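Quick notes on the structure that follows.
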Amino acid sequence: MQFIDLAAQQKRIRERIETGFRKILDHGQYILGPEIREIEEKLAAYAGVPHAVSVASGTDALLMPLMAENTGPGDAVFVPTFTFIASAGAVALTGATPVFVDIDPETFNIDPAKLEVTIQKTFAAKKLTPKGIMPVDLFGQPADYESIQAIAGKYKLFVLEDAAQSFGASRNGRKAGALAKVAGTSFFPAKPLGGYGDGGMIFTDDKAVHEELLSIRVHGQGADKYTNVRVGINGRMDSLQAAVLLAKMEIFPEEIGLRQEVAGRYDRLLAGSVTIPKILPGNISAWAQYSVLHPRRDAVIARLREAGIPTAIYYPIPLHMQQAFAQLGYKRGDFPVAERIAGEIFSLPMHPYLEAQAQERIAEVITGSR
Ligand SMILES: *Cc1c(COP(=O)(O)O)cnc(C)c1O
């Protein structure tokens, strides 16, 4: 059994991918070829935002909007402590300080009440200038943007949505990528919309931000390539990746539907044996991961491993306890919810092609009936 079955998916779209590759080999525009414009337009329309900028990775999709906001040394950006390192890493790369916030125990997303307290404390300490909030749509479920936007408005902070895991999700009818002024997603192969390599996309409804991002993506270019108006990066996505994504987009909406079925089946099979994921009313998750809690996680994982069933732990160490952020001075006990969840959580195989039979077997091992 596989944790994510990319081969089953490839069978459905292999021909389209090969046709796409062949076109690129013929026209030779490997950088910023016509496929780039095409995937940007397609995904902007899907997300329901006017502008999309394809980039080299999900990390760049977070770093570049921070650069566009002139985030830098002395600034504070509020980030949940329970996420992938890249969320806070992008903040630190600008020279700004990631200020961690504990999570909601049921959704694992940033806790808005704790966010506001942390913002107030940061203002009061007068060491850093609160500048922005980066909510993360963890495991594919959008964060509580109504509460977050209200707080952002009150304290005049920007909101940058880390939609790396949530492309395809929605909240109250609005798609992930459209839940903040700027959002970044990732096409790492294991994400809901994954390429065959690294890639990412930035979404925004702000024309000025869009133009800045286009400049930052090519070394801060101005009117032409060798007129540089700011310091940027090489943040471009390859035409070849765009061709893969264009093929995958043909079946992506259907796959998001299949993921709902797989998650629903897990819910029914596992309720009562583990703490199943809680999806808030109004939210549709992209189900990047199906993550459950169990107080004796390691024993359950060991049983699954013996049965040939792969699992993963996202995330064993909250970011405030990572060595990379040791200089920030956090300690164990600072974020009790994230620390408890990190000790109990694990993720089960999840992809659109997971069969009912396989899920039943997984459930049998977990419930211990076999
Ligand atoms: C994957 C991921 C990223 C980074 O994306 P890459 O494409 O790997 O650079 C950022 N944030 C979160 C929450 C992620 O899961």
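The values are calculated or read from the model by the stated rules, or taken from the named source; none is laboratory data. Keep in mind the model is a prediction, meaning the values are calculated, not measured. Quick reminder, even Gly has a Cβ in these numbers, built from the backbone with ideal geometry, and neighbours come from all protein chains shown. Each accessible area value is taken on the protein alone, full model and side chains, heavy atoms only, with ligands, DNA and RNA left out. Shrake-Rupley method; radii C 1.70, N 1.55, O 1.52, S 1.80 Å.
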Review point. Relative to the present Cα-Cα distance, how much length would full extension add between Phe3 and Ile317 at 0.36 nm per residue of separation?
Key: 110.9 nm
Review point. For labels at Glu250 and Glu18 in the simple 7 Å Cα→Cβ model, what's the distance in nm?
Key: 1.3 nm
Check your understanding: For labels at Gln357 and Gln327 in the simple 7 Å Cα→Cβ model, what's the distance in nm?
Key -> 5.5 nm
Check your understanding: With charges only on Cβ, +1 for K and R and -1 for D and E, what is the dipole size of the chain about its Cα centre, in debye, rounded to 20?
Key -> 460 debye
Review point. Between Tyr226 and Glu106, what length comes free when the chain is fully extended (0.36 nm per residue of separation minus the Cα-Cα distance, one decimal in nm)?
Key: 38.2 nm
Study note, to complete from the structure: The long-range amide H neighbours of Asp238, using H built 1.01 Å from N in the peptide plane and a cut-off of under 5 Å, are none
Practice item. For every helix of n ≥ 4 consecutive DSSP H residues, a contribution of -39,500 (n - 2.57) applies; sum these over the chain, divide by its total residues, and give [θ] at 222 nm rounded to the nearest 500 deg cm²/dmol. Key: -13000 deg cm²/dmol
Review point. How large is ³J(HN,Hα), in whole Hz, for each residue of the range 235-244 in order, when computed from phi with the Karplus curve 6.51 cos²θ - 1.76 cosθ + 1.60 and θ = phi - 60°, using x for Gly and Pro?
Key: x, 7, 8, 6, 4, 4, 5, 4, 5, 5
Check your understanding: Based on the alpha carbon coordinates of the chain, what radius of gyration and maximum Cα-Cα distance (Dmax) apply, in Å?
Key -> 20.6, 68
Review point. To the nearest 20 debye, what charge dipole does the range 197-273 have about its Cα centre, counting +1 at the Cβ of each Lys and Arg and -1 at the Cβ of each Asp and Glu?
Key: 180 debye
Revision key, fill the gap. Two pseudo-spin positions, 7 Å from Cα along C-beta at Asp26 and at Arg174, lie apart in nanometres by 4.2 nm
**Study point:** Karplus (6.51, -1.76, 1.60) ³J(HN,Hα), θ = phi - 60°, over the range 353-360, in Hz, Gly and Pro reported as x
**Key:** 9, 5, 8, 3, 4, 5, 5, 5
Point to revise | ³J(HN,Hα), Karplus 6.51/-1.76/1.60, whole Hz, each residue of the range 160-177, x for Gly, Pro | key: 10, 7, 7, 9, 4, 9, 10, 4, x, 7, 8, 9, 6, x, 9, 6, 4, x
**Study point:** P(r), alpha carbons of the range 252-367 - 5 Å bins starting at zero, rounded %
**Key:** 2, 11, 19, 21, 17, 13, 10, 6, 2, 0
**Study point:** Residue-normalised accessible area of the range 116-173, expressed per residue, 1.4 Å probe, Å²
**Key:** 39 Å²
Check your understanding: Rounded to a whole number, what % of the accessible area of the chain do carbon and sulfur atoms account for, probe 1.4 Å?
Key -> 53 percent
Point to revise | Dipole of the range 252-367, positive direction: furthest Cα of Ile317, Leu280, His351, with charges on the beta-carbon | key: Ile317
Review point. So what is the accessible area of the range 220-260 per residue, in Å², with the probe set to 1.4 Å?
Key: 46 Å²
Check your understanding: Which Cα, out of Val218, Val231, Ala326, lies furthest along the positive dipole direction of the range 170-327 (beta carbon charges, K/R +1, D/E -1)?
Key -> Ala326
Review point. Around Asp198, which amide H atoms from residues at least 5 apart in sequence, or from another chain, sit under 5 Å from its own amide H, with H modelled in the peptide plane?
Key: none
Revision key, fill the gap. Amide H neighbours of Thr129 at under 5 Å, excluding residues fewer than 5 places away on the same chain, with H built from the backbone geometry, are Asp75, Ala76
Check your understanding: For the range 130-206, what is the convex hull volume of its Cα atoms per residue in Å³?
Key -> 85 Å³
